[in-house]
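Chemist: First the structure, which I've put down as structure tokens, then a few questions once you've had a look.
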Amino acid sequence: MHKSEASGEPRQQGQVKMSTRGVKVFYGDNQALHGIDLDITENEVIAFIGPSGCGKSTFLRCLNRMNDTIPGCRIEGDVILDGNDIYAPSLDVVLLRAQVGIVFQKPNPFPKSIYENIAYGPRLHGLASRRAELDEIVEHSLRRAGLWDEVKDRLDQPGTSLSGGQQQRLCIARTIAISPEVILMDEPCSALDPIATAKIEQLIDELSASYTIAMVTHNMQQAARVAHKTAFFHMGDMVEVGDTDTIFTNPKDQRTHDYITGRFG
């Protein structure tokens, strides 16, 4: 079963965790996003779909200020997390990225041991100092990422020695280890085979009980399987957003219908 619906009960609408109002992004003179208004609910999985270059990854990176690292990138509008403006001058970006973690398209383990990949963040953020505390965080994070049984006997081996799917779960465990509230995923399965992809999708479903998850995917079947809500982006606009089943079976906008049925994109 997907989308935490095994119980057969309808999903309860939660509190808004993050919201954006009028978010515009410019790369120099080129405008990449045209005023995005979106509410992301606590403990939901929301998928961003749309053709390549439509702005969905740009928007995702607005949610933890990853675009700050791109020269010439300018952002207008408001991004609110738990009532606080994440673009406020006084905000500590390092702490923000601990609250709003990101998992990239290509697995990117640190050139360290499996253990140190997980322990590095908690140590850096002062979440643990003693070895016993770190051991507990490492085991807990690897268990949450469904990786513990596969690596528990080789924690001192390099993270890069794992398979691609295992590396991606290691990166998810690394994100979990610093106790985020929101996890962003930018096409987390595009480099993985179908078996590894299925494991990541199951993991996303399980993690949504504890975290708010926003993901970019080019795989519409994946969005249908794991996302509670789906937002369709096209040419820098968010065309529509709604319950995933509704977006896929009864979209309001003709452009959404054309994209989903394969007429463009």
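Chemist: Give me, ordered by chain and number, the residues 5 or more places off VAL216 or on other chains with an amide H under 5 Å from its own placed amide H.
Modeler: Distant-sequence amide H within range of VAL216: PHE48, MET185, ASP186, GLU187.
Chemist: For the chain, what does the relative contact order come out to in percent, with C-alpha contacts under 8 Å and a separation of six or more?
Modeler: Over the chain, the number comes to 28 percent.
Chemist: While we're on this one: Name the shape class, rounded, prolate or oblate, that the alpha-carbon gyration tensor gives for segment 36-116, where a ≥ b ≥ c are the square roots of its eigenvalues, rounded holds for a/c under 1.5, and otherwise prolate holds if a/b is larger than b/c and oblate otherwise.
Modeler: rounded
Chemist: Kindly provide log₁₀ I(q)/I(0) values, in the same order as q = 0.17 Å⁻¹, from the Debye equation applied to equal alpha-carbon scatterers of segment 68-177.
Modeler: -0.84
Chemist: How many angstrom lie between the Cα centre of segment 79-104 and the Cα centre of segment 21-52?
Modeler: 16 Å
Chemist: Let me ask something else about it. Of THR160, CYS171, PRO89, which is farthest along the charge dipole of the chain in the positive direction, counting Lys and Arg as +1 and Asp and Glu as -1 at C-beta?
Modeler: THR160
Chemist: Further question: Expressed as a whole percent, how much of the Cα-Cα distance distribution for the chain exceeds 32 Å?
Modeler: That tail contains 22 percent of the Cα-Cα pairs.
Chemist: Once you've got the Cα coordinates, tell me which of LYS24/LYS112; LYS56/LYS252; LYS152/LYS229; LYS56/LYS152; LYS56/LYS229 are over 26 Å apart.
Modeler: LYS24/LYS112; LYS152/LYS229; LYS56/LYS152
Chemist: Please report PHE110, PHE232 as a ranked list, fewest other C-beta atoms within 10 angstrom at the top and most at the bottom.
Modeler: With the sparsest Cβ surroundings first, the list reads PHE110, PHE232.
Chemist: So, one more: Once fully extended, how much extra length lies between LEU95 and LEU127, figured as 0.36 nm per residue of separation less the alpha-carbon to alpha-carbon distance?
Modeler: Gain in length upon complete extension: 10.3 nm.
Chemist: Moving to a separate point now. Along its three principal axes, how long is segment 170-265 when you only count alpha carbons? Whole Å, largest extent first please.
Modeler: Its Cα atoms span 42, 28, 23 Å along the three principal axes.
Chemist: As a footprinting exposure proxy, order LYS229, LYS199 by other Cβ within 10 Å, with the fewest listed first.
Modeler: Neighbour counts put them in this order, fewest first: LYS199, LYS229.
Chemist: Would you list PHE104, PHE233 from fewest to most Cβ contacts within 10 Å?
Modeler: With the fewest neighbours first, PHE104, PHE233 line up as PHE104, PHE233.
Chemist: Which of rounded, prolate or oblate describes segment 1-145 when judged by the alpha-carbon gyration tensor and an a/c cut-off of 1.5?
Modeler: Verdict is oblate for segment 1-145.
Taken together, the values in this text are just the output of simple stated rules run on the coordinates, not laboratory data. Computed from a prediction, not measured in an experiment: that's the story for all the values here. So basically every Cβ, Gly included, is an ideal-geometry build from the backbone, and we count neighbours across all protein chains shown.
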